[in-house]
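Below you'll find the structure I mean.
The values are calculated or read from the model by the stated rules, or taken from the named source; none is laboratory data. Bear in mind the structure is a predicted one, so any value in this text is a computation, not a measurement. Cβ atoms come from the backbone with ideal geometry, glycine included; neighbour counts cover every protein chain shown. Note: areas computed on protein heavy atoms with side chains; ligands, DNA, RNA excluded. Shrake-Rupley method; radii C 1.70, N 1.55, O 1.52, S 1.80 Å.
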Amino acid sequence: MKSHASLAEQFNRDENRVDWHNETLWFVREKRDRQSHQVSDWEKLREVASKIKLNVLSNLDIYLMEFEKNALTNGIKVHWAKDAEEHNKIVLSILQDHQVKFMVKSKSMLTEECHLNDYLEKNGVEVTDTDLGERIVQLAKETPSHIVLPCIHKKKEEIGEIFHQYLNTPKGLSDPQMLTEIARQDLRKKFLQSQAALTGINFAVAETGEFVVCTNEGNADMGAHLAKVHIACMGLEKIIPKREHLGVFLRLLARSGTGQPITTYSSHFRKPRAGQEMHIVIVDNGRSEQLSKEKFRNSLKCIRCGACFNTCPVYRRSGGHSYHTAVAGPIGSILNPIRNIAAYKDLPFASTLCGSCTHVCPVQIDLHQQLYELRQEIIASGMGEPVKSFSMKILARSLSHVKKYEKLRRTMKFGYRYAPFLLKNNANPWYKHREMPEMPKESFKEWYQKNIGDGK
Amino acid sequence: MKVGLFIPCYIDLLYPQVGIAAYTLLKKLDVNVVYPMGQTCCGQPMANSGYGHLTCETNKNFIQQFKDFEAIVAPSGSCVLHIKEHLKGENGREEDKAVHIQENIYELTEFLTDVLKIDDLKASFPHKVGFHQSCHGQRGLHLSGMSELTAAYFSKPEQLLQQVEGIELIQLDKQDECCGFGGTFCITEEAVSSKMGKDRLTDHIKNGAEYITACDMSCLMHLEGIANREKRGVKIIHIAEILNAENLNR
């Protein structure tokens, strides 16, 4: 697996694309700013949301059981999955019980996390993603590069090319409205053909056993209202205690993610309609273990709005795929290594720790602090690059005492004078795009000693 | 008040003029300031790279050097933030001293506005200047408000720059975007890092900056390296140097 740094380096070879990607996401971030300023007490709202989520995390078992009880009373079938594999098996078995061959799915990052599509395709079920962006990446045989804007990395011309290849549109067509209409007609057939619909869950309300799905295209509704079987999958942290709390989260979610006051559709599902079966799969997949890690528990508050992606100067310039995982960006750089430290040990380092993510987060996750802590954990578990670990040890030793520090200064000065080629060559990553700073005649300390004295 | 001047290692070694400006400025403002000779580094380069466990010795040295001062001042937001958040003392007594240091360490502009409450700085710098908000100072030390929040904007460094005669502060398109330095990030992720620096420079230059300034020389070192490589013709200067720039006519 290539690291974030090398994938980002590849992405940066096309500077125009980087600029375009950067500006597109910054546009969304600015929309978010305008929307957040229109809500009086936005910061207070963030604080309330954060506290509700902390309450949920402290009483997760109670709320989950309350939710299950109420959902069962409503006639929904509830399943529990300890990991991705079990989740996939449960979904497949429901589909097999109903001899389902075609299923439509509204965007769900949980099923991306579990690689459900691949699993179902291998087991003879055709899955169609119905969120437009997700449908485009599905046709392109890619994964989403953003949790809210899955196809944000593709230009309209490239989408036209994909549609030409898979949907028989005329070559060179890149008008967004026409492309959308063509996708819509094609998806309509899929909706009518499908025997089951899968949706994600944005918020599951413990007190009522209902759940809310937020989309901008109404695709979750189209799927769920047509199919005989509705399967909804959720990570176990998606629970909120009461219906009234929706007022807090629905106001924060879309404003933070896309700069809309609210998603176009916030669909409430409470019980199956006559003749329909409704299933909920509640998935752990490492979450309860994460809950046990006090330093990182906070990140389970995440409502998947994507605001930290849009504000992150590194994400905007490296693209989602450089994070080589379903959930990219700052929050992905926390959630993934917590679950699998070896596979994602590069991600916490894909940040300048600028802290913008922390302050944009609608539920006040201390993202940059967690990235810092994760770095410590990764190095402590012996996963540091040997060269880096070696140079850090040398550096730490040289800086430990003033005499060693003086030696470091003399070595630097000597190097600058007699071996500048060691510094000024392309093996030095600093020098690739940057000149070296000049070495001054005397250090501050030497100046001070000469002009002020030794401080005694 | 006895003030200890902390000059971060890279400023000591590569940018002595920044230390000199900070020292001279404090002296001019009648501060009883001393530079402890045994100081080295705050330990941030190791800690931010995940090697926090290698900072025991730098912590020990830092506490030794600065424990007896009523206040500690440094011309570097990120080093001050590191001390505030991560300085650790080993036994009980050292812990108390570490806490004392953490409670009394200030970034230079913060010290000037919050402790000395300077409102008439006798400085002059008749140039168009772009102010780069270094993230650690801005978001970590709250030297200024940030565009993510809906709260009213304020800026301690800009409050001082406004007092400088003849200065013209330019407006940026992205007011508080990170420059991409990020400590070892500038090495391990050099592609993204240098692109971020390039974009930051472009924002300043296209809005007419002759000089770019900041409270952190590390961000400026990164921007200077790219500006020099690309011959962008914008000059880099630390805020201490501007605040210390004399008005010859006064």
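What accessible area, in Å² to the nearest ten, does a 1.4 Å probe give for A:S40?
About 100 Å², ignoring ligands and nucleic acids.
Another question about this same structure. Order the following by accessible area, largest value first: A:L291, A:L120, A:L422. Probe radius 1.4 Å; ligands, DNA and RNA are ignored.
A:L422, A:L291, A:L120
Where the centre of each part is set by its Cα atoms, how far does region A:166-214 sit from region B:127-194, in angstrom?
A separation of 42 Å, based on Cα centres.
Can you work out the accessible area per residue across the protein assembly as shown, with the rest of the protein chains kept in place, probe 1.4 Å, in square angstrom?
41
Given a 1.4 Å probe and the protein chains all in place, what does the accessible area of A:W26 round to, in Å² to the nearest 10?
20
A further question follows. Taking all protein chains as present, what is the carbon and sulfur share of the accessible area of region A:318-381, in % to the nearest whole number, probe 1.4 Å?
The nonpolar share, carbon plus sulfur, comes to 51 percent.
How far is the Cα center of region A:365-397 from the Cα center of region A:229-253, in Å?
36
What distance in nm separates the two pseudo spin-label positions at A:E207 and B:V115, each 7 Å out from Cα along the beta-carbon direction?
5.1
Grab the other residues whose beta carbon is less than 15 angstrom from that of A:K407, score K and R as +1, D and E as -1, and report the net.
Neighbour charge sum, excluding A:K407 itself: +3.
To continue, here is another question. Take the Cα of A:L226, step 7 Å along the line toward its Cβ, and report every residue of region A:194-210 whose backbone nitrogen sits under 17 Å from that point.
A:194-200
Given a 1.4 angstrom probe, I'd like the percentage of the accessible area of region B:43-139 that is carbon and sulfur, rounded to a whole number.
For region B:43-139, the apolar C and S fraction of the accessible surface comes to 47 percent.
Follow-up question, since we're still on this one. With all protein chains present, calculate the accessible area of A:V327 using a 1.4 Å probe and round the result to the nearest 10 Å².
10
Next question, about the same structure. Label B:T202 and A:Y166 with points 7 Å out from Cα along Cα→Cβ: what is the distance between them in nm?
3.2
Taking 41 Å as R0, compute the FRET efficiency from the Cβ-Cβ separation of A:E158 and A:N426 and round it to 0.05.
Calculated value: 0.80.
Over all directions, how big on average is the projection of the convex hull of the alpha-carbon atoms in the protein assembly as shown, in square nanometres?
Reported value for the Cα convex hull: 32.2 nm².
Same structure, new question: With r as the distance between the Cβ atoms of A:A380 and A:N55 and R0 = 51 Å, compute the FRET efficiency 1/(1 + (r/R0)^6) and round to 0.05.
So the FRET efficiency works out to roughly 0.95.
Here's something else I'd like to know. Using a Förster distance of 35 angstrom, determine the FRET efficiency expected from the C-beta separation of A:D175 and A:I262, and round it to 0.05.
0.80
A further question follows. Please compute the alpha carbon radius of gyration of region A:153-202, then divide it by the globular-protein estimate 2.2 N^0.38 Å. Two decimals is fine.
Computed over Cα atoms of region A:153-202, the ratio equals 1.35.
For region A:1-77, please report how many Lys pairs fall under 29 Å Cα to Cα, leaving out neighbours fewer than 8 apart on the same chain.
Taking region A:1-77 as the scope, the lysine pair count is 8.
If I model a spin label at B:Q64 and B:M37 as a point 7 Å from the Cα along the Cα→Cβ vector, what separation in nanometres do I get?
1.5
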